[in-house]
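Here is the structure we will look at, set down as structure tokens.
The values are calculated or read from the model by the stated rules, or taken from the named source; none is laboratory data. It should be emphasised that the depicted structure is a prediction, and the values quoted were computed from it without experimental measurement. Positions of Cβ are backbone-derived with ideal geometry, glycine not excepted, and every protein chain shown enters the neighbour counts.
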Amino acid sequence: MSVRPCAFLRPFCSKAFAIAAVSLATSLRSAPAATSVHNQTIKGADNSSIVITLSDAEVAFSYRAPALIADHNRVYLALSLHEEIGSAVLPFQQKEEGSTVFLPFKADRLLSVEASPQSAVREQKWTHWKWQAAQAATSIKTTARDGSITFQIPRSYFGQTTRMDCVLYAKDLSQNGGWGHFFGCSDAAVAPGAGDKYISRYLELNLRSTDDKIAISRARMAAKEKVRIYQLFVRLFGNTNETRKEDGTLTENGVGKFGDINDAALTSLRACGFTHVWLTGVLQQATATDYSGVGQPADDPDLLKGLAGSPYAIKDYFDVCPDYAAEPAQRLTEFKSLLGRVHHHGMKALIDFVPNHVARSYNSDIKPDQNFGNKGNDGKGDDPSVFFAPTNNFFYLKPDGSGPPLHLPTSKDGRPVSPTCKLPGINCRSD
């Protein structure tokens, strides 16, 4: 015998199901949106532990160490958000950061907090090639309880960063005259104690992780992936001008720009598996192109290879070629923006350093105190009266009875003979 539930109460059941459906729908509409939370526990040195928690709103680091006490203890969190080149040497100062800590990566942020309730987080940033003074990190909250410290960092703090590197450790700054006792490092192999410390492993965090595998332990020298280098000549990359006139001017032949190496190009390179971009020929070179408007007049064509000059005749080791900038006066700013784009796409930038190819017209307006001729002779400048001196930066040739020691055949009988001097608008010295 089969029984159909509610057969004789069908009208009542229909109303009951309708009411339940409405209640369920109302409940679903009023319920808060689900929050994605992932946790991973890292075992550190000296029985310490770090619980890393990712949520939609924040990234939290809960640090616990048996030796952590409120008085004179500070917990440090060194981060690389890959926003600046950073430093592998953390700040060091008596009663502040204590002895030096060396990292296996280049950090650009250092957070620290005392192991006591109501203690504010201090932040030091690496900008303008140095660590800046500590400031209060008002956007970061901390809680201290039962031998643990938790950093609660809002997602907005990380900007567009999706991967970052970090280490955690603690110091008792009441010891060793304020230079501290190091303990409880996230790298379990680092022994506690006084003095300088080197941390050999760090945690690489995936801020977009969708499971509990948030951090991976990395070693400094361990390759994450096979190194693949893409070499590009900035002068040619992105230059769509196909004139290709021999000894043509910049206007006639065109030139690539830093801005041509844009997000689309870098996305494509990264998708091909490249880890590094070799930016060839970016240092400022001697050239016939006149940039007097930004303090860079044209160089003597007698000393050039063609109008553009050679990218290996360096005019300033601390500057970049103004040809590659949309605004020549902002060439260094545009170059730094390019480096930022390369780093944002998970790659590193390489440039040529050419120590033995110096233009005869070398003159740095970025670091004039480093000019070769002006810096020779123990800072007094070269002595051009002698052919060679160990304190000089250049050799100095002297004329003899037969004329100049070095004859540049740029003209003969009043007519230019070298290819460069034959070009319109080029004024070469007569013989």
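Taking only segment 128-143 into account, find how many residues are loosely packed, with under 10 Cβ neighbours inside 10 Å and among the β-branched types (Val, Ile, Thr). If you could, list the steps in order and put the result at the bottom.
Kept after step one, since they are loosely packed, with under 10 Cβ neighbours inside 10 Å, are these residues of segment 128-143: 128-130, 133, 138.
Add one more test, that the residue is among the β-branched types (Val, Ile, Thr), and what stays is 138.
So the answer is 1.
What are the residues in segment 70-96 that are closer than 30 Å to Gly346 by Cβ and assigned to a loop (DSSP other than H, G, I, E, B), if any?
Kept after step one, since they are closer than 30 Å to Gly346 by Cβ, are these residues of segment 70-96: 75-91.
Hits for segment 70-96 are Leu81, His82, Glu83, Glu84, Ile85, Gly86, Leu90, Pro91.
Kindly indicate which of Glu252, Glu246, Glu225 is under 31 Å from the mean Cα position of the chain (by Cα), at pLDDT below 95, among the acidic types (Asp, Glu) and outside any strand (DSSP E or B).
On the way: Glu252 fails: under 31 Å from the mean Cα position of the chain (by Cα); Glu246 fails: under 31 Å from the mean Cα position of the chain (by Cα).
When all the criteria are applied, what remains is Glu225.
If Gly238 passes every condition in (1) part of a loop (DSSP other than H, G, I, E, B); (2) in contact with a Pro (Cβ under 9 Å, 6 or more places away or on another chain) but one, which one does it miss?
(2)
For Ala313, all conditions in the list (1) at pLDDT below 95; (2) surrounded by fewer than 17 Cβ atoms within 10 Å (Cβ to Cβ) hold save one; what is the number of the exception?
Status for Ala313: all satisfied but (2).
Is there a residue being part of a loop (DSSP other than H, G, I, E, B), within 19 Å of the chain's Cα centre (by Cα), without any contact (Cβ under 8 Å) to a residue 60 or more places away in the chain and surrounded by fewer than 18 Cβ atoms within 10 Å (Cβ to Cβ) anywhere in segment 200-213? Give the derivation first.
Of all residues in segment 200-213, those part of a loop (DSSP other than H, G, I, E, B) come to 200, 207-213.
Going one step further and asking which of them are within 19 Å of the chain's Cα centre (by Cα), we end up with 207.
Adding the requirement that they be without any contact (Cβ under 8 Å) to a residue 60 or more places away in the chain leaves none.
No.
Test Phe182 against the criterion of being part of a strand (DSSP E or B), hydrophobic (A, V, I, L, M, F, W, C), assigned by TED's automatic domain parsing to the domain that holds Asp108 and under 25 Å from the mean Cα position of the chain (by Cα), and give yes or no. So that I can check it myself, show each step before the final result.
Working: part of a strand (DSSP E or B): yes; hydrophobic (A, V, I, L, M, F, W, C): yes; assigned by TED's automatic domain parsing to the domain that holds Asp108: yes; under 25 Å from the mean Cα position of the chain (by Cα): no.
Answer is no for this residue.
Pick out the one residue from Phe353, Phe335 that is modelled with pLDDT of 90 or more, under 29 Å from Glu83 (Cα atoms) and either exposed (fewer than 13 other Cβ atoms within 10 Å of the Cβ) or touching a helix residue (DSSP H, G or I) at 6+ places or on another chain (Cβ under 9 Å) (or both). First the steps, then the outcome.
On the way: Phe353 fails: modelled with pLDDT of 90 or more.
Answer to the check: Phe335.
Starting from residues that are over 29 Å from the mean Cα position of the chain (by Cα) and outside any loop (DSSP other than H, G, I, E, B), keep the ones in segment 277-335 and report whichever is nearest to Thr267 (Cα to Cα).
Residues of segment 277-335 over 29 Å from the mean Cα position of the chain (by Cα): 287-293, 297-309.
Filter once more, keeping what is outside any loop (DSSP other than H, G, I, E, B): 291-293, 301-303.
Numbers: Tyr291: 33, Ser292: 36, Gly293: 35, Pro301: 40, Asp302: 42, Leu303: 40 Å.
So, considering only residues that are over 29 Å from the mean Cα position of the chain (by Cα) and outside any loop (DSSP other than H, G, I, E, B), the one nearest to Thr267 (Cα to Cα) is Tyr291.
Quick one: is His72 farther than 25 Å from Pro154 by Cβ and touching a Ser or Thr at 6+ places or on another chain (Cβ under 8 Å)?
In short, yes.
Inspect segment 144-163 for any residue being part of a strand (DSSP E or B), crowded, with 18+ Cβ neighbours inside 10 Å, touching a residue at least 24 places away in the same chain (Cβ under 8 Å) and under 24 Å from the mean Cα position of the chain (by Cα) and give the result as yes or no.
Yes; the residues of segment 144-163 include at least one that is part of a strand (DSSP E or B), crowded, with 18+ Cβ neighbours inside 10 Å, touching a residue at least 24 places away in the same chain (Cβ under 8 Å) and under 24 Å from the mean Cα position of the chain (by Cα).
Quick check on this structure: which one of Lys171, Lys125, Lys197 is surrounded by 16 or more Cβ atoms within 10 Å (Cβ to Cβ), at pLDDT 95 or above and in contact with a His (Cβ under 9 Å, 6 or more places away or on another chain)?
So the residue among Lys171, Lys125, Lys197 that is surrounded by 16 or more Cβ atoms within 10 Å (Cβ to Cβ), at pLDDT 95 or above and in contact with a His (Cβ under 9 Å, 6 or more places away or on another chain) is Lys171.
Quick check on segment 361-378. Is at least one of its residues touching a residue at least 24 places away in the same chain (Cβ under 8 Å) and surrounded by 21 or more Cβ atoms within 10 Å (Cβ to Cβ)?
First pass over segment 361-378, keeping only residues touching a residue at least 24 places away in the same chain (Cβ under 8 Å): 361-367, 370.
Among the residues that remain, those that are also surrounded by 21 or more Cβ atoms within 10 Å (Cβ to Cβ) are: none.
No: zero hits.
Under 9 Å between Cβ atoms, which residue pairs at least 6 apart in sequence (or on different chains) link something in segment 247-272 that is closer than 20 Å to Ala326 by Cα with a partner that is of a type in the set (Asp, Glu) and crowded, with 16+ Cβ neighbours inside 10 Å?
What qualifies is Leu250/Asp323; Val255/Asp323; Gly256/Asp323; Lys257/Asp323; Lys257/Glu334; Phe258/Glu334; Gly259/Glu334.
Which residues, counting only those in segment 52-69, are in a loop (DSSP other than H, G, I, E, B), small (Gly, Ala, Ser) and over 16 Å from Gly159 (Cβ atoms)? If you could, list the steps in order and put the result at the bottom.
Kept after step one, since they are in a loop (DSSP other than H, G, I, E, B), are these residues of segment 52-69: 55-57, 65-69.
Remaining after also requiring small (Gly, Ala, Ser): 55, 57, 65, 67.
Selection gives Ser55, Ala65, Ala67.
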